[in-house]
1. If you go through region 14-31 one residue at a time, how many are open to solvent by 10 Å² or more (accessible area, probe 1.4 Å), more than 34 Å from the chain's Cα centre (by Cα) and among the hydrophobic types (A, V, I, L, M, F, W, C)?
2. Filter region 591-644 for residues that are under 14 Å from Leu657 (Cβ atoms), free of Cβ contacts under 8 Å to residues at least 60 places away in the same chain and assigned to a helix (DSSP H, G or I) and give the result.
3. Which of the residues spanning region 1-18 are touching a Leu at 6+ places or on another chain (Cβ under 9 Å), within 20 Å of Gln83 (Cα to Cα) and assigned to a loop (DSSP other than H, G, I, E, B)?
4. Is it the case, given these coordinates, that Lys719 is in a helix (DSSP H, G or I), basic (Lys, Arg), without any contact (Cβ under 8 Å) to a residue 24 or more places away in the chain and surrounded by fewer than 18 Cβ atoms within 10 Å (Cβ to Cβ)?
5. Quick one: Pro429 ticks every box in (1) out of contact with any helix residue (DSSP H, G or I) (no Cβ under 7 Å at 6 or more places or on another chain); (2) part of a loop (DSSP other than H, G, I, E, B); (3) over 30 Å from Ile656 (Cα atoms) bar one, so which box is it?
6. In the set Ile256, Ile227, which member is open to solvent by less than 90 Å² (accessible area, probe 1.4 Å), farther than 30 Å from Asn442 by Cα, at pLDDT below 80 and assigned to a helix (DSSP H, G or I)?
7. Charged (D, E, K, R) and without any contact (Cβ under 8 Å) to a residue 12 or more places away in the chain: which single residue out of Lys727, Lys780 fits that description?
8. Please note which strands (runs of 3 or more DSSP E) are completely contained in region 505-579 and include at least 3 residues that are touching an Asp or Glu at 6+ places or on another chain (Cβ under 8 Å).
Amino acid sequence: MSKQTIFIDVILPLSLPNLFTYRLPEELNNDIQIGQRAVVPFGRGGKLYSALVKNIHHSPPTEYQAKYVESLLDEKPIVNKKQLKHWDWIADYYIANPGDVFNAALPGALKLASETKILINTDFNGDAVTDLTDKEYQIYEALEIRNVLNLQEISEILSIKNVHKVVKSLIEKQAIIVEEDLKRKYKPKLIPYVRLTEFADKEKNLEQLFNDIGRAKKQLDTLMMFIKLNERYGNEPKEVKKLELQKVANVSASIITQLVKKNIFEIYEIAVDRIGNYKNERIKDKTLNEHQIKALAEIKTQFKEKDVILLHGVTSSGKTEIYIKLIQEAIEKGKQVLYLLPEIALTTQLITRLQKVFGDIIGVYHSKFNENERVEVWNKVLDFEATKSSKFQIVMGARSAMFLPFSNLGLITIDEEHENSFKQYNPAPRYNARDTSIVLANIHKAKVLMGSATPAVETYWNAKEGKYGLVEITKRHGGVQMPEILCADIKEATRKKKMKSHFSPLLMELMEEAFKNKEQIILFQNRRGYAPFMICEECGHVPECNNCDVSLTYHKHNNVLKCHYCGSSKKTPTVCAACGSAKNTLKGFGTEQIEEELAIYFPKIKIARMDADTTRAKNAYHRLITDFEDHNIDVLVGTQMVTKGLDFENVSLVGILNADNMLNFPDFRAFERSYQLMSQVSGRAGRKKKRGKVLIQTYDPYHTIIRQVIEHDYLGMYKDEISQRKKFKYPPFQRIIHFTLKHRNSNILNEGSREFVETLKTKFGSRVLGPDFPVVARIKNMYIKNAMLKVEREVSVKKTRQLIMEVKNHFEAFSEFKSVRITIDVDPM
């Protein structure tokens, strides 16, 4: 570049509406590129941030004097121009700030700021300190004494202003971690290996080694077994897994520890990817049946004219095999593939299945990886080379995987596209990964295939209107019949006193039959905990959360009443807090109660529960799935977790214990979601060997949605929903923008929300509804009011955003309302 003064516009990792302009020192003129990180000062205190270079130009800012860039962190861009274009669209459409998108997209370790807390990585090998430079060792030594440092303190220790490069180097060497890592449960998977020490590996020292072991027979046997295993591995590397050696030599870990103390063995660990290096034999993809072949041909034909196609296939119709065929075609062309899933934690089976076909070129990315690991994945995708051996050519992940630095996307597959897990709620940007992925594909000139047995009403409407292509599969794979769906009238069973706890006579009969045939059962209850609330029989008092306007849920396993909104809990009272009566009773039921009462009626069966309480640990979900697959569990009781992406060949019965809670939820999508949940969980029954059965327990067996689920009538549900939504102006006919206002003082909130909505009505008129209190009007001591804006689809997105921001800025100019928080959610779910 020339010696003319260069200015750069940067995106700061802060929620600011504008880019900020800085002056580039002349010595960096030839190094600057869009997409690099630049260390810049911001704010009165001059805190340093790693900002992202968005524009390079020669025009100084007119409103302020540009400060100098401190340094550049990268030799080459870490974000490409296609990503920046995608970020712009997200910020514009979802009414978010550029910094919000920046924070959502980049791993935390790439967003250093001077308030970042730095700690020693406990997994760091102390012997590796010799690889540290003098400055790096100074920081490491200081951390050993003080435990935690921020960037300002590190700057003072080193007596230099810019410490970002040193910190970046320490992160790459895995000597330190940033504070965010401590909040994450995920840790790299470390495999301990055994090898001979440098001393023991020399032939001349053999005699001394055997003398050191002496008469310790188990130690001698272990050493001989190691030598035998070592021969099997060849000359290089001279190492074996510690657990393998223990197993083959039939010794405990203490024997190996003794050999380590005698300087014969040394232990070291190797970090492996979550998905690991696939060493098993790869299998050929399955041969498609006639319905799959027809669907695949239709997709290819429609891809010539349409960029987005919806594959509407019933449960167990073999949609994944079609995805595999299309992915293979994309990678053979040297293209990258993004495989989006609603929740990565629920895809254990699918990851294993795809790895058998694609081996190491498929990788996983999601928010439970630690920051250092996410950076490693980011760099692998950034450095992608169009070769068949390139790792991470296929990326499988949840919504955050969409932000990876793809350079040559050819295909995006969105599985279970109807799932609301694709929607980001907090913090901003509140994007829908399904919709934003379609925009991403358009930027890359790539194709999108969305799949679902129960498509979102908006998606199916777009397909029917010709915006998307549509391919349908109506038959299950392998000739398996759709499950037989039965209905139990629990109102009638309760009246006749035939109910056994929460189980109808028909459900008890079907469960007994399944147990007799040694088949497995899934019971679905979309409420965790033991009971939704406790009530005093004398005065009617219900214990409520101190921070939220909601009753506390009883959890029996630790005998507490817990708030599912703010997480606060308290010990279960023995007497009523209002009248002092001991006659407290529990109302309603959750998964915990089902698990307990089922064990009373069937004491010999093995029962497990799958909900947010039992799957908090890293591998808890994987263990549950494995145990269920291995038939170590007879009944799996769960929330909507059990409806997603599971394939169990021995499940003959699915029980939906209470369909009414879903149907009566106050939301315009309640019927659609109820149909989707019941249909999806029904699809878990009878997937391979025989026709399964599904029993729906309800007080209203003739409800339209329940009849449609029984008849597998998606089209009937769709037509009813479309008719209602057109009549009442809901999506897909109009866009919805949701406003939430919060404040600790209800009076200020009432005045503020009234002012905000009245101003909004001056711009949009009768399209604005509210303000109203939601069902739960206070959460975490913040009072809440909602307003809604319905906008015609043909109205300009840019104009809508402009008007909304005018109203928001006008509102925030009032000093009395500055503390009122406003969140804007475009296309809420």
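1. Summing the residues that are open to solvent by 10 Å² or more (accessible area, probe 1.4 Å), more than 34 Å from the chain's Cα centre (by Cα) and among the hydrophobic types (A, V, I, L, M, F, W, C) in region 14-31 gives 1.
2. Selection gives Glu595 alone.
3. Of everything in region 1-18, those that are touching a Leu at 6+ places or on another chain (Cβ under 9 Å), within 20 Å of Gln83 (Cα to Cα) and assigned to a loop (DSSP other than H, G, I, E, B) turn out to be Leu12, Pro13.
4. Values: in a helix (DSSP H, G or I): yes; basic (Lys, Arg): yes; without any contact (Cβ under 8 Å) to a residue 24 or more places away in the chain: yes; surrounded by fewer than 18 Cβ atoms within 10 Å (Cβ to Cβ): yes.
Considered against the rule, which asks whether it is in a helix (DSSP H, G or I), basic (Lys, Arg), without any contact (Cβ under 8 Å) to a residue 24 or more places away in the chain and surrounded by fewer than 18 Cβ atoms within 10 Å (Cβ to Cβ), Lys719 comes out as yes.
5. Checking Pro429 against (1) out of contact with any helix residue (DSSP H, G or I) (no Cβ under 7 Å at 6 or more places or on another chain); (2) part of a loop (DSSP other than H, G, I, E, B); (3) over 30 Å from Ile656 (Cα atoms), the one that fails is (1).
6. Working: Ile256 fails: at pLDDT below 80.
Going through Ile256, Ile227 in turn, just one is open to solvent by less than 90 Å² (accessible area, probe 1.4 Å), farther than 30 Å from Asn442 by Cα, at pLDDT below 80 and assigned to a helix (DSSP H, G or I): Ile227.
7. When all the criteria are applied, what remains is Lys727.
8. Filter on region 505-579 gives an empty set.
The values are calculated or read from the model by the stated rules, or taken from the named source; none is laboratory data. Here the structure is a predicted model, which is why all the values come from computation and not from measurement. Note that we place each Cβ from the backbone using ideal geometry, even for glycine, and neighbour counts take in every protein chain shown. Side chains included, ligands, DNA and RNA excluded: accessible areas come from the protein's heavy atoms. Shrake-Rupley method; radii C 1.70, N 1.55, O 1.52, S 1.80 Å.
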